[in-house]
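First the structure, in the form of structure tokens, and then the observations on it.
Bear in mind that the values in this text are calculations on the coordinates, not laboratory data. Since the model is a prediction, treat every value here as computed from it, not as a measurement. All Cβ positions, glycine included, derive from the backbone under ideal geometry; neighbour counts span all protein chains shown.
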Amino acid sequence: SSTPAFPTSKKILEAKHTVFNYTPCDNDYEYNFANFLDKAEDVKAFAKLPEQFGFCVQYTDSVANIRNYFPDFVAVTDDGNWIIETKGREDIEVKLKDNAAINWCNKANELTDGNWSYIKVPMKEFEGLHPDSFEELVAVIQPPTLFD
């Protein structure tokens with residue numbers, strides 16, 4: 001691989017359904033969610049997206065500044081490709097980031113043969129659900145829709 005190694009002091013998950021040996025997680029919720037993705041039979045592959053990878057979605061914040069939003073995960077399932085945000089708490093910027101991610105997926109679908117979708121997974125709902133599959137997760141936690 002030509003991907004340079006990057007040191008981390010974060011909690012790591014040794015995962016089988018990712019291109020990397022380890023998945024560095026920012027907190028226990030991300031660790032548990034990565035473990036779920038690794039074990040869900042309908043998830044073909046996933047990756048935690050550290051900022052070092054450079055994948056971001058631009059959005060306009062609440063005071064009209066251009067910002068970069070770095071989603072938490074990307075996953076490939078039987079139903080397509082997903083940008084996934086795990087969320088412990090929400091602030092004023094979250095809906096703006098959701099909107100930008102939905103628009104990114106819509107544009108990616110227009111320009112490619114891919115099937116991209118976005119989902120935000122609130123920690124409280126995930127922890128109460130204990131899903132066995134990604135399909136089950138999506139059925140209970142509906143992906144956000146665009147807002148004006």
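Summary table
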quantity: Relative contact order computed over the chain (Cα-Cα under 8 Å; 6+ residues apart), in percent; calculated: 18
quantity: Most to least packed among 16-25, 42-51, 58-67 [average Cβ atoms within 10 Å]; calculated: 42-51, 16-25, 58-67
quantity: Straight-distance crosslink candidates among lysines, where the alpha carbon sits under 18 Å from Lys48 and sequence neighbours closer than 8 are dropped; calculated: Lys10, Lys11, Lys16, Lys39, Lys87, Lys97, Lys120
quantity: Cα centre as origin, Lys/Arg/Asp/Glu Cβ charges: the chain dipole, Debye; calculated: 440
quantity: Area projected by the alpha carbon convex hull of region 96-148, averaged over all directions, nm²; calculated: 4.3
